[in-house]
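Q: Sending over a structure as structure tokens; questions will come in a sec.
The values are calculated or read from the model by the stated rules, or taken from the named source; none is laboratory data. The shown structure was predicted, so the numbers you read here are calculated from the model rather than taken from an experiment. Virtual Cβ from ideal backbone geometry, glycine too; neighbours counted across all protein chains shown.
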Amino acid sequence: MIRRPFAEMASVGVAVPPGILTNHDLTRMLDTSDEWIVERTGIRERHIARPDQSVAMLSCEASMKALEQAGHTPRDVDAIVLATATPDRLLPSTACDLQALLGAEKAMAFDIAAACPGFLFATGVAEGLIAAGQGEVVLVVGAEKLSTITDFQDRSTAILFGDGAGAAVVRRTSGANGRGILSTFLKSDGKLAPLLYRPGGGAMDPISEKVVCERSHYMKMAGREVFKAAVLTMAEACDEAMRRAGVSAGEIDLLIPHQANIRIIEATAKHAGLPMDKVMVNVDRYGNTSSASIPLALDQAIGEGRVKPGSLLLLVAFGAGFTWGSAVIRW
């Protein structure tokens, strides 16, 4: 039986920096080729922010688009939940900077750190805030400037990541028309953290000459192990989100997975029992933008007419932590 929703995702807005780093650009920096990158990842280019473009600025642009589409202004926002692995500063939160830029004076604002599924974690938090009576309109944001923590001397990671932001308005709904968030599923396994992490730069090993020389403030990844875990956990997440929503794979109109790697996307679709023509793929244009990945893909799918009123969507993501999550949404 399909659950009657009490919160809906009313709109989505995105922002990407204009600067583009292509695979051919990377061949001048690394021992690699366009063919090698495309074959292994499906990525052809990624957007890279300027030094003066902050995560808060990208978030503000995306948020204003989402608010306008939903018929709201910043004054309507009760809470801002911003997911990022690349905050502009460690103190205060990027969400508070975003609140100030928006002029959302009555909104509580805070960051969450859940890596690539951050947008889904933030959506789950927004649902909880609405259910608890803490607000009626919640701004959910996934935004990253991953170029600042990517080691462009490391071929295994330099080819993967890009910058961007996505925002959505999550608000209370009566559920009378069936539109809304039908289920969310969120999970973590911290034992696997060393497979994808930043060893230095935090409170345990603060930025120092040693950290910079060792380049330990950049992301490190054990690619094979991460791939295996991603495929297994995203399969679990798809199954559980559909079970909780009371829907089957045959009812899903579009799968919108985290855009990490075309092989992971294909394996996830196969497990979910969905053909690739029912899967949104734009990893070739943006690379892996972590928490911004799903809203960027959702926005493009809407623009292409692949998501229409009443469409049943399955969202799924996996990332560092390890963390993974999913959601079923009636658009």
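Q: Name the single residue that is farthest from LEU315 (Cα to Cα) among those in region 280-296 being among the β-branched types (Val, Ile, Thr) and over 12 Å from the mean Cα position of the chain (by Cα). Break it down into steps so the answer makes sense when it comes.
A: Here is the first cut: in region 280-296, the residues among the β-branched types (Val, Ile, Thr) are 281, 283, 289, 294.
Then drop every residue that is not over 12 Å from the mean Cα position of the chain (by Cα), which leaves 281, 283.
Numbers: VAL281: 12, VAL283: 15 Å.
Only one residue fits best here, namely VAL283.
Let's see how each residue does on (1) surrounded by fewer than 17 Cβ atoms within 10 Å (Cβ to Cβ); (2) of a type in the set (Lys, Arg); (3) at pLDDT 95 or above:
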| residue | (1), (2), (3) |
| --- | --- |
| GLU8 | no, no, yes |
| ILE20 | yes, no, yes |
| MET29 | yes, no, no |
| GLU45 | no, no, yes |
| SER54 | no, no, yes |
| MET57 | no, no, yes |
| ALA62 | no, no, yes |
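Q: Of everything in region 244-268 that's small (Gly, Ala, Ser) and surrounded by 22 or more Cβ atoms within 10 Å (Cβ to Cβ), which residue is farthest from SER311 (Cα to Cα)? Working first, answer last.
A: Restricting attention to region 244-268, the residues satisfying the condition of being small (Gly, Ala, Ser) are 245-246, 248-250, 260, 267.
Okay, now just the ones that are also surrounded by 22 or more Cβ atoms within 10 Å (Cβ to Cβ), so 245, 260.
Working: ALA245: 14, ALA260: 24 Å.
If we take residues in region 244-268 being small (Gly, Ala, Ser) and surrounded by 22 or more Cβ atoms within 10 Å (Cβ to Cβ), then ALA260 is farthest from SER311 (Cα to Cα).
Q: When ARG198 is evaluated against the numbered criteria (1) closer than 30 Å to PRO18 by Cα; (2) touching a residue at least 60 places away in the same chain (Cβ under 8 Å), which criterion, by number, is the only one it fails?
A: Here ARG198 clears every test but (2).
The rows are residues; the columns are (1) under 20 Å from ALA317 (Cβ atoms); (2) in contact with a Gly (Cβ under 7 Å, 6 or more places away or on another chain).
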| position | (1), (2) |
| --- | --- |
| GLY71 | no, no |
| LEU90 | no, no |
| ILE112 | yes, yes |
| THR157 | yes, no |
| LEU160 | yes, yes |
| ASP163 | yes, no |
| GLY166 | yes, yes |
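Q: Regarding ILE149, is this residue in contact with a helix residue (DSSP H, G or I) (Cβ under 9 Å, 6 or more places away or on another chain) and either outside the structural domain of ASN23 (by TED's automatic domain parsing) or at pLDDT 95 or above (or both)? First the steps, then the outcome.
A: Working: in contact with a helix residue (DSSP H, G or I) (Cβ under 9 Å, 6 or more places away or on another chain): no; either outside the structural domain of ASN23 (by TED's automatic domain parsing) or at pLDDT 95 or above (or both): yes.
Judged against the criteria, ILE149 is not a match.
Q: All but one of (1) touching a Leu at 6+ places or on another chain (Cβ under 9 Å); (2) outside any helix (DSSP H, G or I); (3) of a type outside the set (D, E, K, R); (4) farther than 20 Å from GLU45 by Cα hold for ALA237; state the number of the condition that does not hold.
A: For ALA237, the exception is condition (2).
Q: Does region 220-230 contain any residue that is buried (at least 22 other Cβ atoms within 10 Å of the Cβ) and in contact (Cβ under 8 Å) with a residue 24 or more places away in the chain?
A: yes
Q: Select the strands (runs of 3 or more DSSP E) contained entirely in region 1-115, then report the ones holding at least 1 residues which are touching a residue at least 60 places away in the same chain (Cβ under 8 Å), farther than 28 Å from VAL226 by Cβ and more than 17 Å from the chain's Cα centre (by Cα).
A: 7-15, 79-83
Q: Any residue that is in contact with a strand residue (DSSP E or B) (Cβ under 8 Å, 6 or more places away or on another chain) and either over 26 Å from HIS258 (Cβ atoms) or not assigned by TED's automatic domain parsing to the domain that holds GLN134 (or both) - is there at least one of those in region 54-65?
A: no
Q: Can GLY142 be described as assigned by TED's automatic domain parsing to the domain that holds GLY42, among the small types (Gly, Ala, Ser) and outside any loop (DSSP other than H, G, I, E, B)?
A: The answer is yes for GLY142.
Q: Let me ask something else. From the list ARG224, ARG243, ARG171, which residue is part of a strand (DSSP E or B) and among the basic types (Lys, Arg)? Explain how you work it out, then say what you get.
A: On the way: ARG224 fails: part of a strand (DSSP E or B); ARG243 fails: part of a strand (DSSP E or B).
So the residue among ARG224, ARG243, ARG171 that is part of a strand (DSSP E or B) and among the basic types (Lys, Arg) is ARG171.
Q: Please identify the pairs in which a residue from region 293-307 that is closer than 15 Å to VAL16 by Cα and buried (at least 24 other Cβ atoms within 10 Å of the Cβ) has its Cβ atom under 8 Å from the Cβ atom of a residue that is modelled with pLDDT of 95 or more and basic (Lys, Arg), counting only partners at least 6 apart or on another chain.
A: Listed pairs, sorted by first residue: none to list.
Q: Could we say that ALA122 is assigned to a loop (DSSP other than H, G, I, E, B), modelled with pLDDT of 95 or more, of a type in the set (Gly, Ala, Ser) and closer than 21 Å to GLY190 by Cα here?
A: no
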